[in-house]
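Undergrad: Please see the structure below; I have some questions.
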Amino acid sequence: MLRPDTLALTALLAFLTSFGPLSVDLYLPSMPAIAAALAAPPAHVQLTISLYLVGFAIGQVVHGPISDRIGRKPIIVLSFVLYCVATLICLVSTSITVLIAGRFLQALGVSGSIVAVRAVVRDLYEGVRAGRQLSSMGVLMGFAPIIAPLTGGVLQTAFGWRAGFVFLIAVGALAGYLAWRFLPETHHARSAPSLAGLLRNYRRVATHRIFLANLLVGAVAYGGLFAWIAGSPFVLQFVFGFSPLAYAIAYAGSCLGFVAGSTLATRLVMRLGLDRTAGLGAGSCAIAAAGMVLGATGWFSEALLIAAAAFYLLGLGLMQSQLVAAALTPFPDDAGTASALIGFVQQCAGAIVGTAVGALVGASIWPMALGIAITGGGALALWVVTRRVRTGKS
């Protein structure tokens, strides 16, 4: 078993959490091809992302409290078993309805790994150390949305859209094996509570003011990520004429921003603390939002759009881990429940923004640009307004 405070454990935890972005981003270059192959309009193909996010949100609500009762490791291993079965359904689907159902089940499965890994971090660390650990994981995890669309673009070009699901089955099975073989159990199992007890735990977490303030800032910023995810395949490929591989390169380039932001956060958080590091990220998201609007008006066109998206993701890399660490800090015994609620709200925010942008994008840049502008500006405004609550001064 791997020991805490080792690069090997950090790398494993990052790999296990990478399946959220991996399962979305590897798929993006194939979206127009899937629309053509399954005779589905872009809005229906977009549902394979939006309902994936819904399944991801629901799954975390279920898995989180269970991981507080039976331990983190069983949830992580079982989540990858379900993930591989669901991905097989996606592989053999012959209609958009079956594909949407498979994607929903994919998310229900892999969400267990995400929520349990966040709880593992809270089991082992707290405060700024937890923020630094999550940021370190973010640096490694940040390569998933860079590698995934490039891999997806190559697989789409060489073999077609089903090849991506073959790849996901293989790496999902590898993740499940590595978790079973090397991941230590960090939480002692407790007796299972009644349904009323679970609801009381959720209520206690959901009414904690510091938790709520950090959650809201992070969820709004997270929504902007899915405005980019939902809009960029159609904007860059349909409006600007990018090929699937060229789009994958552009999208991967924007994701370097997240790696840069997470790397910067590991250096800043021990000096500035969780909240000020998150504030720098919120400011970066707001600046990027302004750049996105300028890009949509025709200033430097697609180059400015991609640069603005990269800067937005830099801000997200700076802030997300710090906000999660701050939100989890008050709950050492119920980190799984708190982690589940964070994931649920974040995924709902992503689903709402992504669905709205996907339904409206068509051949226009503006739905994507406005989605990012609203979420980026909103995150900064919320960070300013709620700061006294988050820092315990009111």
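The values are calculated or read from the model by the stated rules, or taken from the named source; none is laboratory data. Quick caveat, the model's predicted, so the values are computed rather than measured. Glycine gets a Cβ as well: all are built from the backbone with ideal geometry, and neighbour counts include every protein chain shown.
Undergrad: In this structure, does Thr157 turn out to be in contact with a Gly (Cβ under 9 Å, 6 or more places away or on another chain) and either of a type in the set (D, E, K, R) or touching a residue at least 24 places away in the same chain (Cβ under 8 Å) (or both)?
TA: Numbers: in contact with a Gly (Cβ under 9 Å, 6 or more places away or on another chain): no; either of a type in the set (D, E, K, R) or touching a residue at least 24 places away in the same chain (Cβ under 8 Å) (or both): yes.
It is false that Thr157 is in contact with a Gly (Cβ under 9 Å, 6 or more places away or on another chain) and either of a type in the set (D, E, K, R) or touching a residue at least 24 places away in the same chain (Cβ under 8 Å) (or both).
Undergrad: For region 72-108, how many residues are small (Gly, Ala, Ser), surrounded by 20 or more Cβ atoms within 10 Å (Cβ to Cβ) and more than 17 Å from Val166 (Cβ to Cβ)?
TA: Of the residues in that region, 2 qualify.
Undergrad: Among Asp68, Asp5, which is the only one that is among the acidic types (Asp, Glu), in a helix (DSSP H, G or I) and over 23 Å from Pro233 (Cβ atoms)? Even if it seems obvious, please write down each step before you answer.
TA: Details: Asp5 fails: in a helix (DSSP H, G or I).
Testing whether each residue is among the acidic types (Asp, Glu), in a helix (DSSP H, G or I) and over 23 Å from Pro233 (Cβ atoms) leaves just Asp68.
Undergrad: Taking only region 159-170 into account, find how many residues are in a helix (DSSP H, G or I) and crowded, with 20+ Cβ neighbours inside 10 Å. Before the answer, list the steps.
TA: Step one: list which residues in region 159-170 are in a helix (DSSP H, G or I), which gives 159, 163-170.
Subset that is crowded, with 20+ Cβ neighbours inside 10 Å: 164-165, 168.
So the count comes out to 3.
Undergrad: Continuing with this model, one more query. Residues being under 24 Å from Leu78 (Cα atoms) and at pLDDT 85 or above: count how many of those fall in region 35-50.
TA: Going through region 35-50, the residues under 24 Å from Leu78 (Cα atoms) turn out to be 48-50.
After this cut, where a residue has to be at pLDDT 85 or above as well, the list is 48.
So the count comes out to 1.
Undergrad: Something else now. Taking into account only those residues within region 124-135 that are more than 14 Å from the chain's Cα centre (by Cα) and crowded, with 21+ Cβ neighbours inside 10 Å, which is nearest to Asp333 (Cα to Cα)? So that I can check it myself, show each step before the final result.
TA: Here is the first cut: in region 124-135, the ones more than 14 Å from the chain's Cα centre (by Cα) are 124-133.
Filter once more, keeping what is crowded, with 21+ Cβ neighbours inside 10 Å: 130-133.
On the way: Ala130: 15, Gly131: 18, Arg132: 21, Gln133: 19 Å.
Per the stated criteria, the residue is Ala130.
Okay, residues lined up against (1) within 23 Å of Leu26 (Cβ to Cβ); (2) among the β-branched types (Val, Ile, Thr); (3) modelled with pLDDT of 90 or more:
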{"residue": "Val217", "(1), (2), (3)": "no, yes, yes"}
{"residue": "Ser232", "(1), (2), (3)": "yes, no, no"}
{"residue": "Gly291", "(1), (2), (3)": "no, no, no"}
{"residue": "Gln320", "(1), (2), (3)": "yes, no, yes"}
{"residue": "Val324", "(1), (2), (3)": "no, yes, yes"}
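Undergrad: Among the residues of region 33-45, is there at least one that is of a type outside the set (Lys, Arg) and surrounded by 24 or more Cβ atoms within 10 Å (Cβ to Cβ)?
TA: To start, the set of residues in region 33-45 that are of a type outside the set (Lys, Arg) comprises 33-45.
Keeping just the survivors that are surrounded by 24 or more Cβ atoms within 10 Å (Cβ to Cβ) gives 45.
Looking through region 33-45, at least one residue is of a type outside the set (Lys, Arg) and surrounded by 24 or more Cβ atoms within 10 Å (Cβ to Cβ).
Undergrad: Say we look at region 51-65 and pick out the residues that are modelled with pLDDT of 85 or more and among the small types (Gly, Ala, Ser); which of these is farthest from Phe234 (Cα to Cα)?
TA: Gly59
Undergrad: Another one. Checking the structure you have, find out if any residue of region 108-115 is touching a Ser or Thr at 6+ places or on another chain (Cβ under 8 Å), in contact (Cβ under 8 Å) with a residue 60 or more places away in the chain, assigned to a helix (DSSP H, G or I) and not hydrophobic (A, V, I, L, M, F, W, C).
TA: Narrowing region 108-115 to residues touching a Ser or Thr at 6+ places or on another chain (Cβ under 8 Å): 109-115.
With in contact (Cβ under 8 Å) with a residue 60 or more places away in the chain added as a condition, the list becomes 110-111, 113-115.
After this cut, where a residue has to be assigned to a helix (DSSP H, G or I) as well, the list is 110-111, 113-115.
Imposing the further condition that a residue be not hydrophobic (A, V, I, L, M, F, W, C) reduces the set to 111, 113.
Taking every residue of region 108-115 in turn, at least one turns out to be touching a Ser or Thr at 6+ places or on another chain (Cβ under 8 Å), in contact (Cβ under 8 Å) with a residue 60 or more places away in the chain, assigned to a helix (DSSP H, G or I) and not hydrophobic (A, V, I, L, M, F, W, C).
Undergrad: Among the residues of region 32-48, are any without any contact (Cβ under 8 Å) to a residue 60 or more places away in the chain, in contact with a Leu (Cβ under 7 Å, 6 or more places away or on another chain) and part of a helix (DSSP H, G or I)?
TA: Yes: region 32-48 contains one or more residues that are without any contact (Cβ under 8 Å) to a residue 60 or more places away in the chain, in contact with a Leu (Cβ under 7 Å, 6 or more places away or on another chain) and part of a helix (DSSP H, G or I).
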